[in-house]
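Participant: I am attaching a structure below and will ask some questions about it afterwards.
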Amino acid sequence: MSEPSISKLAEIIKASKNTAFFGGAGVSTESNIPDFRSESGLYAAQEIYGASPEELLSRRCYDRKPELFFRYYKENLIYLDAKPNPAHIALAKMERSGLLSAIITQNVDGLHQTAGSKTVYELHGTNARHYCALCRKVYDLDYVLDPANCDNFVPKCGTCGGIVRPDVVLYGETLNWDIVQAAADAIAAADCLIVGGTSLVVYPAAGLIQYFGGSNMVLINKSDTPYDGYADLVINESIGAVLSEVFGN
Ligand code: ZN
């Protein structure tokens, strides 16, 4: 790990009054949650389910082929053994120490909250919460995974028999505007933005970071991103390794 980068990051955060973090799939893959949009995820989806992840996780698939939708969802988006990794832990520690104002994430695994983070804007929702599409009764993951509550992978509401769906934004559905607005506000208010584990090519990531008008943007990603030229500091390392180096575990 490059020592000058680590000390520069530590200096930037110390000098900043309001730091926000924007995270992508790379934050979760370090908890051994595979990125279903990656090349191997794409290949596996075609091989096993006969469609792309975007098709399988679409509103259209949920409406027309709920068995296929829920089978893919349960087998690819839920990782019961996943635990917060050093990135989640360091970010929660930063918030407790007053060094981080908000986390904006594209992940749906809820691991930031498990690690203890409080202000988390989940742009794509969360698989920690499910609700009946008809009567809106809320269910937890255990209910949804119990085959006794399901009809061929499809969880049914114990009260009205409706489909119990994940509180996740499906392809073809619109994002929750209140959450997007809150995320944009948090980014606009920040004087330091740390972007980690995302190549910034997927909507809405690229659009949201345009709201940043602060003095320091830090990109931590294993590979290059189209925004490297705009960043004040680019670190091509594991997000968990970098943040835990600065904040300990
Ligand atoms: Zn219901």
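The values are calculated or read from the model by the stated rules, or taken from the named source; none is laboratory data. Not measured: the values here are computed from a predicted model. Neighbour counts are summed over all protein chains in view; Cβ atoms, including those assigned to glycine, are modelled from backbone coordinates with ideal geometry. Quick note on the areas: whole protein, heavy atoms, side chains included, nothing else; ligands and nucleic acids left out. Shrake-Rupley method; radii C 1.70, N 1.55, O 1.52, S 1.80 Å.
Participant: Mind checking which residues of region 66-107 are β-branched (Val, Ile, Thr) and more than 30 Å from residue 49 (Cα to Cα)?
Facilitator: 89, 103, 104
Participant: Tell me which residues, restricted to region 117-146, are of a type in the set (Lys, Arg) and within 16 Å of the ligand (Cβ to nearest atom).
Facilitator: Residues satisfying the conditions are 129, 136, 137.
Participant: Go through region 1-51 residue by residue and tally those that are surrounded by 15 or more Cβ atoms within 10 Å (Cβ to Cβ), more than 26 Å from residue 81 (Cβ to Cβ) and not aromatic (Phe, Trp, Tyr).
Facilitator: Selection size over region 1-51: 11.
Participant: In region 147-178, what count of residues is obtained for those that are away from the ligand (no atom under 16 Å from the Cβ) and not in a helix (DSSP H, G or I)?
Facilitator: Of the residues in region 147-178, 11 are away from the ligand (no atom under 16 Å from the Cβ) and not in a helix (DSSP H, G or I).
Each row is one residue, and each column tells you yes or no for (1) in contact (Cβ under 8 Å) with a residue 12 or more places away in the chain; (2) farther than 22 Å from residue 86 by Cα; (3) surrounded by 22 or more Cβ atoms within 10 Å (Cβ to Cβ).
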{"site": "196", "(1), (2), (3)": "yes, no, yes"}
{"site": "199", "(1), (2), (3)": "yes, no, no"}
{"site": "204", "(1), (2), (3)": "yes, yes, no"}
{"site": "211", "(1), (2), (3)": "yes, yes, no"}
{"site": "214", "(1), (2), (3)": "yes, yes, no"}
{"site": "231", "(1), (2), (3)": "yes, yes, no"}
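Participant: Same structure, new question: Check every one of the strands (runs of 3 or more DSSP E) wholly within region 73-142 and list those with 1 or more residues that are open to solvent by 20 Å² or more (accessible area, probe 1.4 Å), within 22 Å of residue 184 (Cα to Cα) and in contact (Cβ under 8 Å) with a residue 40 or more places away in the chain.
Facilitator: Strands (runs of 3 or more DSSP E) meeting the threshold: 120-122.
Participant: Tell me whether region 217-226 contains one or more residues that are surrounded by 14 or more Cβ atoms within 10 Å (Cβ to Cβ) and of a type in the set (Gly, Ala, Ser).
Facilitator: Looking for residues that are surrounded by 14 or more Cβ atoms within 10 Å (Cβ to Cβ) and of a type in the set (Gly, Ala, Ser), one finds none in region 217-226, hence no.
Participant: I've got another one for you. Looking at 115, 92, 102, 133 in this structure, which one is modelled with pLDDT of 95 or more, among the small types (Gly, Ala, Ser), touching a Gly at 6+ places or on another chain (Cβ under 7 Å) and closer than 23 Å to residue 28 by Cβ?
Facilitator: Step by step, each of 115, 92, 102, 133 is checked, and only 92 is modelled with pLDDT of 95 or more, among the small types (Gly, Ala, Ser), touching a Gly at 6+ places or on another chain (Cβ under 7 Å) and closer than 23 Å to residue 28 by Cβ.
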